[in-house]
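Notes for the one structure printed next.
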Amino acid sequence: MLDPRRLSLLRDLAATGTIAAAAERAGCTAAAASQQLAALERDLGAALLERSARSVRLTEAGRVLADHAGRLLTSLDEAERAVRDVAGLRGGTIRIAAFATAGTSFVIPALTVFRRRHPDIELRFAELESAEALPDVRVGAIDLAVTHEYTPLSRPDLRGLDQRPLYREPMLLAVPRNLTPAESRLADLADFAATPWVAALTSTGFQAATEMACRAAGFEPRVDIRVHSYPMVLSMVGAGFGVALVPQLAAVPHRGVAYLPIARPTGLARQIYATTRSTDRSPAIRALTRYLNDSLGRNTPS
């Protein structure tokens, strides 16, 4: 590997014509500069200078290397500036993913603040469910994903990943208003064992929240309707087709729907994380995580 300091001396010698002038630019003595140039010749095994008692000139090999040295050193300077810009939040690109309810409730506001404060950093966003986002973070296609896990389901494969907890949101039971128990505003899922259920997510993997919760309450839910979005879940519940588990962020006001806190089984929640690669120490990622926390404080129920 060629030493950039020696290449810089050779470039300056080509520009100034003397070792003394090149040494002055480098801030060293002429003797030290001459020793460094001699070392460069040894590194390459080629004569770069023709020396006489009163002068020095570049050989053809020296002129070729000096020309390349100028371009190489310019590229190194540009690389250093680019790294300093990224470290100082003045450049680079962040690729973000989030699931829908997080995106609409607190991720988009956080990205808006980030873009306003750091306009030179390019933001790219994709809406992805956690099962899709985790592998993309691991292989470097996504830099930060807002992901979730339902407790007490088993955890996914997190090898090579780092997770910072952002928010633990309780699960609520969405019921048609005519099914709301008059004597209580707390739900025991066992009381709804004979009721049809609406499920928003697939029946496999760590997203199987409805089946997990009902089994913990001692019964197998009768899932008559499966849909892919919480607005559709709430529309089905409001129309009287069944009851549904929804996380707090998805529990928006909806005609014909009431939300009940769940007393039994206990501990039903969705934990939200900022998920990154374990090796990623980007200042921009750390800043964005702070903005996500701040946005959660402003945009989620206390």
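Worth pointing out:
- Residue count for segment 244-256, restricted to those that are of a type outside the set (S, T, N, Q) and either touching a Lys or Arg at 6+ places or on another chain (Cβ under 7 Å) or surrounded by fewer than 23 Cβ atoms within 10 Å (Cβ to Cβ) (or both): 7
- Residue that is modelled with the highest pLDDT, among those in segment 180-191 that are under 21 Å from ARG255 (Cβ atoms) and not small (Gly, Ala, Ser): ARG185
- The residue of segment 286-302 that is nearest to ASN178 (Cα to Cα), among those that are crowded, with 19+ Cβ neighbours inside 10 Å and hydrophobic (A, V, I, L, M, F, W, C), is LEU296.
- Residue list for segment 228-243, filter: over 26 Å from LEU166 (Cβ atoms), surrounded by fewer than 20 Cβ atoms within 10 Å (Cβ to Cβ) and among the aliphatic types (A, V, I, L, M): ALA239
- Set side by side, the residues VAL252, VAL227, VAL246 differ, and just one is hydrophobic (A, V, I, L, M, F, W, C) and more than 16 Å from ALA102 (Cβ to Cβ), which is VAL227.
- Members of segment 89-127 found to be in contact with a Leu (Cβ under 9 Å, 6 or more places away or on another chain), of a type outside the set (Gly, Ala, Ser), surrounded by 17 or more Cβ atoms within 10 Å (Cβ to Cβ) and not in a helix (DSSP H, G or I), listed by number: ILE94, ARG95, ILE96, PHE99, HIS118, ILE121
- Selection status of SER295, of a type in the set (Gly, Ala, Ser), touching a helix residue (DSSP H, G or I) at 6+ places or on another chain (Cβ under 6 Å) and part of a helix (DSSP H, G or I): yes
- Of residues in segment 63-97 being basic (Lys, Arg) and in contact with a helix residue (DSSP H, G or I) (Cβ under 9 Å, 6 or more places away or on another chain), the one modelled with the lowest pLDDT: ARG90
- Checking ARG164, ARG155 one by one, the residue that is surrounded by fewer than 20 Cβ atoms within 10 Å (Cβ to Cβ) and either outside any strand (DSSP E or B) or over 16 Å from the mean Cα position of the chain (by Cα) (or both) is ARG155 and no other.
- Residue, farthest from THR18 (Cα to Cα), within segment 42-74, restricted to residues that are part of a loop (DSSP other than H, G, I, E, B) and not hydrophobic (A, V, I, L, M, F, W, C): GLY45
- Scan of segment 208-264 for residues that are basic (Lys, Arg) and either in contact with a helix residue (DSSP H, G or I) (Cβ under 9 Å, 6 or more places away or on another chain) or in a loop (DSSP other than H, G, I, E, B) (or both), ordered by number: ARG255, ARG264
- Yes/no for ILE272 being within 31 Å of the chain's Cα centre (by Cα) and not in a helix (DSSP H, G or I): yes
- Residue in segment 4-24 that is at pLDDT 85 or above, of a type in the set (Val, Ile, Thr), exposed (fewer than 14 other Cβ atoms within 10 Å of the Cβ) and not in a strand (DSSP E or B) present: no
- Boolean, GLY45 is surrounded by 16 or more Cβ atoms within 10 Å (Cβ to Cβ) and either among the small types (Gly, Ala, Ser) or modelled with pLDDT under 90 (or both): no
The values are calculated or read from the model by the stated rules, or taken from the named source; none is laboratory data. Quick caveat: nothing in here was measured; it's all calculated off a predicted structure. Here the Cβ is made from the backbone with ideal geometry for all residues, glycine too, and neighbour counts use every protein chain on show.
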